[in-house]
1. Could you pull the Rg and Dmax for segment 251-371, using just the Cα atoms, both in Å?
2. Would you tell me the accessible area of Lys26, worked out with a 1.4 angstrom probe on the heavy atoms of the protein chains, in Å² to the nearest 10?
3. Distance in nm between label sites at Glu186 and Phe390, each 7 Å beyond Cα in the beta-carbon direction?
4. Based on Cβ point charges of +1 for Lys and Arg and -1 for Asp and Glu, what charge dipole magnitude is obtained for segment 167-239 about its Cα centre, in debye rounded to the nearest 20?
5. Could you work out the pair-distance distribution P(r) of segment 113-241 from its alpha-carbon pairs, with 5 angstrom bin width and percents rounded to whole numbers?
6. Tell me the per residue accessible area of the chain using a 1.4 Å probe; a whole number in Å² is fine.
7. How large is the Rg to Rh ratio of segment 1-117 when both quantities use alpha carbon positions and Rh follows Kirkwood?
8. Run the 1.4 Å probe and let me know the accessible area of Ser268, rounded to the nearest 10 Å².
Amino acid sequence: MSRQYRVCVVTGTRAEYGILKNLINKIREDDILQLQLIVTGAHLSPEFGLTYKEIEEDGIPMDWQVEMLMASDSSCGVAKSMGVGMIGFAEAYGHLKPDIVVLTGDRYEMLAAAGAALVYRIPIAHIHGGELTQGAVDEAVRHAVTKMGMLHFTSTQTYRKRVIQLGEQPECVFNVGALGVENIKEWKLFGREQLKEALGMEVDTDTAMVTYHPATLDNKSVEEQIDSLLHVLKKETGLKLVFTKANADMGGKTVNDRIREFVRKESSRAVVVDSLGQAKYFSVLNCCGLVVGNSSSGIIEAPSFGIPTVNIGRRQEGRVRAGSVIDCGGSEAEIGEAISRALSGKMREYARRVRNPYEKEGTARRIVSILKESLEKGICLEKKFYDIPFQV
């Protein structure tokens, strides 16, 4: 029998777990790969819904929990969380002894996980590298994790080129598409009646899915950012609203407090949920009329449902996007104008025909295949910088 290889997947948020779930299951099903799952960050926080319970309900064993989320969402609190996380990941890796660590995206939890793996000389496989989010500190985190990684799974060819531009060897960078887009085909979606029962509100084309995260590099305060959006939504009395909470970022608690207060006053047409879970989240996207906010999901997954996205501010600036994404500034006037455009018959018709640039066949299957092949060949930890000839 061939040797088994321990593949350690780290997840820190509900959204990230939803993206990774299909890949996690494919690793579990493989004869050569042995899944190890580390759960951290917002999954373990009552404030964000203790979403590790969703993993338990799915019957996926958790090998280690890294408590790292501080009570404060200030810059100091987040920096301290990273330090606590580094200690926790050091303990986890020392016990689990993984052959490779799989990290996704750009959150500060992943920076702690990557730093500990680097010191342990454990190869890192990084998903969603090469992307730009110029309005948030997350971009620097993503590129830092890329430079610590050995294998790279990008979601578009543009991002593959950018990872190579960062000095990574082309034979180690694979354009596999976005796991989140592939997952849409894997889920059995709720119908409108099931959603009404689950949310206590009907979801139809006059409903907006709203997700807003703090834009950490914005000149406006977090309070100003979220209040501008909520003031516009208060005037859009014909819209029903399904809010999902902000992540455990700097200012995330402030955003969530403002949203809860808004929903309390607008309870006849608005709900807020700690975590929808992937099936309900995709089901809302399948039934609603538009997405509003600054979440990556509005850029990556929403176009596959044929609905427009109103993308606010600079948080997602630089990402490849479909034509159904309407970018706007953060002022009330700009947000209001973008929502009006998204609700127009012309834009709704266009969104139904748009092509999603993140869609690619067999994303999770290809990642598993490349992980296996790379582990069986052996992964050299002595990286060489790949120089691209150019003139300045």
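1. Here Rg and the maximum Cα pair distance are 16.0, 51 Å.
2. Answer for Lys26: close to 60 Å² accessible.
3. 3.5 nm
4. The calculated dipole for segment 167-239 is roughly 200 debye.
5. The distribution over segment 113-241 is 2, 9, 12, 13, 13, 13, 14, 12, 8, 4, 1, 0, given as percents.
6. Numbers: 16520 Å² over 392 residues.
Here the per-residue accessible area is 42 Å².
7. 0.97
8. Estimated to the nearest 10 Å², Ser268 gives 110 Å².
The values are calculated or read from the model by the stated rules, or taken from the named source; none is laboratory data. Since we're looking at a predicted model, the values are computed, not measured. Positions of Cβ are backbone-derived with ideal geometry, glycine not excepted, and every protein chain shown enters the neighbour counts. SASA here: full protein model, heavy atoms, side chains in, ligands and nucleic acids out. Shrake-Rupley method; radii C 1.70, N 1.55, O 1.52, S 1.80 Å.
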